[in-house]
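The values are calculated or read from the model by the stated rules, or taken from the named source; none is laboratory data. These figures come from a predicted structure and were not determined experimentally. No Cβ is skipped: glycine too gets one built from the backbone with ideal geometry, and neighbour counts run over all protein chains shown.
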Amino acid sequence: MTKREFGFNWKTKRKRYENMDGVKLNNSFSQLRKWQKERRAKRKDLSYQIPQASPDLDYLHRNRKEMSITWIGHATFLIQMGGLNIITDPVWANRMGFAKRLAPPGLDISQLPDIDVVLISHGHYDHLDFPSLRRLPGAPAIYVPAGLRNKLRRKGYREVEELSWWQDISRDGVTFTFVPAQHWTRRTLMDTNTSHWGGWVISARGTDRGKTASVGREASPVVGEACAQGRESSLGVEEACVQGRESSLGVEEACAKSREESPVVGGACAQGRKSSLGVEKAFAQGRESSLGVEEACVQGRESSLGVEEACAKSREESPVAGKAATLGRTSPQVVYFAGDSGYFRGFREIGRRFNIDYALLPIGAYEPEWFMSTQHVTPEEAVQALEDCGGQVMVPMHYGAFRLADDTPKEALDRLHAEWQRRALPPERLRCLRHGETLRSR
């Protein structure tokens, strides 16, 4: 996908970005007025605040080895990975519109270590706050969605890269991939959807599915995508294993045989989501009744090129090309920061392409659902998104800092915990952080 720059020019038609499948949002002015009228009739208890932790500042300043996630508030995280200090959607504003912040940030900007990379999910004010961005310590590179770079350049930021969906860029062995979300954006009356929106997958070298490190791939797909998708037609692993292998009996027969004898391998190709099996287990079960996906790929390489060669190359460079190997490592190194999103099929697509350890998913700003559903997931949908993307651990976000809709932080958490219990999910897979709390992965 070729990158383009869209400058501001009243005489030219500006590019407008869209959601997957052309999904439109129901946020017309008449609908907004209806919501505001409904909102005035509600009485909500906003007394509950997200608890504050005492941040371990010494650790955060000296840590250059471990992967850690510190929740500052809303969609702002300090993520440490591969020796880099990464900030997502930096917003330290005390107000959002006319409403005061519900709880203070977990860290003050002055307490941060020098920042190396800033990730922006989209241009809404609760995700992109220029006063906060200017105050960040260090001289960070800023990675933004397509269409947003020129705005930052006009404000004096020079080290800015913009990415389209599925593009990635690497820095010091850490790869940042911009992935889809279902949302929208606007900062003025005239710039609705003139920049894109999405989430970010952050992975240290050698930990994502067969992906090799490189900078700013524009037209050529990453190896991980080649293994997982069949790329241009956006096929999943399962279809990619079948396509283009008419002359390669090893792969096709192995995949067909394994699915006849054991449905688990097919589930492994699709992340094992529906049966909630870990992929490591799925691969192990599948190999008892068949050659297994990885061995099938080896056989097929003698007569098929392209994707098979990419898989071979990735395995030579990284011993963790398979999901089972990824889950077996002791230091999880793949983080999915979802940004803002309604529920959509893109969560499953992201799960097919990446082996996600920690999924940072929004749970707030969903009420009223008749107005918000296409742009913000409910807590129940956030849990389903976790299952879709295959994340091992969920870290909820996008609640407790600003009152953007009618739901309260307590309501969001209560619904999240109720859904977790209803599904009988392991409690260790849910990490509800306090503001300023650090989740460490050794």
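A few points about this structure:
- Condition met for His74 (in contact (Cβ under 8 Å) with a residue 12 or more places away in the chain, assigned by TED's automatic domain parsing to the domain that holds His122 and in contact with a Gly (Cβ under 8 Å, 6 or more places away or on another chain)): yes
- From the list Arg171, Arg135, the one residue that fits, being among the basic types (Lys, Arg) and in contact with a helix residue (DSSP H, G or I) (Cβ under 8 Å, 6 or more places away or on another chain), is Arg135.
- Total residues in the stretch 413-442, condition of a type in the set (A, V, I, L, M) and touching a Leu at 6+ places or on another chain (Cβ under 7 Å): 2
- Residues of the stretch 179-198 that are polar (S, T, N, Q), touching a residue at least 24 places away in the same chain (Cβ under 8 Å) and farther than 27 Å from Cys389 by Cα: Thr192, Thr194.
- In this entry, Pro137 passes the filter for residues that are assigned by TED's automatic domain parsing to the domain that holds Phe347 and assigned to a loop (DSSP other than H, G, I, E, B).
- Residue match in the stretch 30-44 (condition: among the aromatic types (Phe, Trp, Tyr) and in contact (Cβ under 8 Å) with a residue 24 or more places away in the chain): yes
- Being aliphatic (A, V, I, L, M) and touching a helix residue (DSSP H, G or I) at 6+ places or on another chain (Cβ under 9 Å) is a description that applies to Ala401.
- For Leu386, the conditions (1) at pLDDT 95 or above; (2) in contact with a Gly (Cβ under 8 Å, 6 or more places away or on another chain); (3) buried (at least 21 other Cβ atoms within 10 Å of the Cβ) all hold with the exception of (2).
- Some residue of the stretch 397-406 being assigned by TED's automatic domain parsing to the domain that holds Leu102, touching a strand residue (DSSP E or B) at 6+ places or on another chain (Cβ under 9 Å), of a type outside the set (Val, Ile, Thr) and part of a strand (DSSP E or B): yes
- Some residue of the stretch 106-121 being buried (at least 18 other Cβ atoms within 10 Å of the Cβ), closer than 24 Å to Glu18 by Cβ and among the small types (Gly, Ala, Ser): yes
Conditions (1) touching a residue at least 24 places away in the same chain (Cβ under 8 Å); (2) over 15 Å from the mean Cα position of the chain (by Cα), marked per residue:
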{"residue": "Leu136", "(1), (2)": "yes, yes"}
{"residue": "Lys155", "(1), (2)": "yes, yes"}
{"residue": "Arg158", "(1), (2)": "no, yes"}
{"residue": "Gln167", "(1), (2)": "yes, no"}
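- Of the residues making up the stretch 343-364, those that are surrounded by 22 or more Cβ atoms within 10 Å (Cβ to Cβ) and either modelled with pLDDT under 90 or in a loop (DSSP other than H, G, I, E, B) (or both) are Phe354, Asn355, Ile356, Asp357, Ile363, Gly364.
- Scanning the stretch 126-141 for residues that are within 11 Å of Asp116 (Cβ to Cβ) and surrounded by 21 or more Cβ atoms within 10 Å (Cβ to Cβ) turns up just one, Pro140.
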